[in-house]
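Undergrad: What follows is a single structure, and I will ask about it in a moment.
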Amino acid sequence: MEFEFTDKQLKARDLARIFAREQIRPRLAELEADPQPPTEILRQLGDLKLFAALVPEEQGGAGLDQVGFALTLMEIAKVWSPLAKVLLTQPPQRGPALSDQPGQGRPPWAEPEQSVWVAAAALAVGIGQALFEELKSFTAGQTPSGKALSASQLIQWKLADLATDLEAAELLTLRAAWLMDQSKPFKKEAAMAKQYALNMVLKASRDAIQIQAGHGSAIRNPLLRLIQDSESCQLFNIYDEPLTSIIAKNL
């Protein structure tokens, strides 16, 4: 697995980051208050070809590989996860083993559902990264005693654990995406990535609640929204066979 991203992957990540920060973040309050789909935002996503991110360029898509798509989802989810969820269910397009060939069946490990597991993991990683940044900002503030919360060893350890979990979740997700791009079996890795990332973001949200409530602070946006986003990620587990069972069967 390459630990350096390609120019195209970096360009996709940076494009998504700029779009999320400049076009979505300034309008978050408006977008969350409006029950109607954000038509203008969706149109802009279409212009960026993100609704066809995995479709080859010669067919009118963005031509991203799975790693580039995962990076894109992470950046969008950091700012507004409902939009990342809209992009999440794109079918896999890359790699000969992931496309139907005349006279050839799809390999048993190339189920579209497994590509969604990787995308769901990327979504959770993006939310977790945003939660981490908000927690760092909150704990840097002063308490009535004049000390920052981050001066507490307990808070430092919680942040260190979350940073470690985030790194691990991101690496698991990108490895599963890389295996897809290499047309290699990835069912076990996709299950690991999804399970670890969803557990990570749920734990991060509960730590955020504990830290804020434990210090007498009301939980407000953007932290409140991120906590709700992390809880909603667990819906991706409702209909799945237990991921632990899938991992165990593929050891």
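The values are calculated or read from the model by the stated rules, or taken from the named source; none is laboratory data. In this text the structure is predicted, and so the values were computed from the model without any measurement. Here the Cβ positions follow ideal geometry from the backbone for every residue, glycine too, while neighbour counts run over all protein chains shown.
Undergrad: With respect to Ala97, is the statement that it is among the aliphatic types (A, V, I, L, M), farther than 30 Å from Leu224 by Cα, modelled with pLDDT under 90 and not in a loop (DSSP other than H, G, I, E, B) true? Break it down stepwise before answering.
TA: Details: among the aliphatic types (A, V, I, L, M): yes; farther than 30 Å from Leu224 by Cα: yes; modelled with pLDDT under 90: yes; not in a loop (DSSP other than H, G, I, E, B): yes.
Yes, satisfied.
Undergrad: Any residue in the stretch 106-124 that's among the small types (Gly, Ala, Ser): show its pairings with residues that are at pLDDT below 85 at Cβ separation under 6 Å, as long as the two are six or more apart or on different chains.
TA: Ala110/Ala97; Ala110/Leu98; Ser115/Pro92; Ala119/Leu88; Ala120/Phe236; Ala124/Cys233
Let's see how each residue does on (1) surrounded by fewer than 19 Cβ atoms within 10 Å (Cβ to Cβ); (2) touching a helix residue (DSSP H, G or I) at 6+ places or on another chain (Cβ under 7 Å); (3) in a helix (DSSP H, G or I):
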position: Lys158; (1), (2), (3): no, yes, yes
position: Lys184; (1), (2), (3): yes, no, no
position: Ala191; (1), (2), (3): no, yes, yes
position: Ala213; (1), (2), (3): yes, no, yes
position: Cys233; (1), (2), (3): no, yes, yes
position: Ile246; (1), (2), (3): no, yes, yes
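Undergrad: Let me ask something else. Name the pairs whose Cβ atoms lie under 8 Å apart, with the first residue in the stretch 146-169 and in contact (Cβ under 8 Å) with a residue 40 or more places away in the chain and farther than 25 Å from Ala197 by Cβ, the second among the β-branched types (Val, Ile, Thr) and part of a helix (DSSP H, G or I), and 6 or more positions between them or separate chains?
TA: Short answer, once both residue conditions are applied: Leu149/Thr139; Leu149/Ile155; Leu149/Ile211.
Undergrad: Still on this structure, I have one more. Can you say whether Ala130 is in contact (Cβ under 8 Å) with a residue 60 or more places away in the chain and surrounded by 18 or more Cβ atoms within 10 Å (Cβ to Cβ), as far as the supplied structure shows? Give the derivation first.
TA: On the way: in contact (Cβ under 8 Å) with a residue 60 or more places away in the chain: yes; surrounded by 18 or more Cβ atoms within 10 Å (Cβ to Cβ): yes.
Yes.
Undergrad: Could you grab me the full set of residues in the stretch 115-151 that are touching a helix residue (DSSP H, G or I) at 6+ places or on another chain (Cβ under 8 Å) and outside any helix (DSSP H, G or I)?
TA: Across the stretch 115-151, the qualifying residues are Ala140, Gly141, Thr143, Ala148.
Undergrad: Moving to a separate point now. Starting from the stretch 234-251, take each residue that is farther than 15 Å from Ala120 by Cβ and list its partners that are at pLDDT 85 or above and not in a helix (DSSP H, G or I), counting only C-beta distances under 9 angstrom and pairs at least six apart or across chains.
TA: Pairs that qualify, where the first residue is farther than 15 Å from Ala120 by Cβ and the partner is at pLDDT 85 or above and not in a helix (DSSP H, G or I), are Asn250/Pro185.
Undergrad: Next question, about the same structure. Residues in the stretch 21-42: is at least one β-branched (Val, Ile, Thr) and under 24 Å from Trp178 (Cα atoms)? Talk me through it step by step, then tell me what you get.
TA: Initially, the stretch 21-42 is screened for residues β-branched (Val, Ile, Thr), giving 24, 39, 41.
Of the ones still in play, those that are also under 24 Å from Trp178 (Cα atoms) are none.
Scanning the stretch 21-42 turns up no residue that is β-branched (Val, Ile, Thr) and under 24 Å from Trp178 (Cα atoms).
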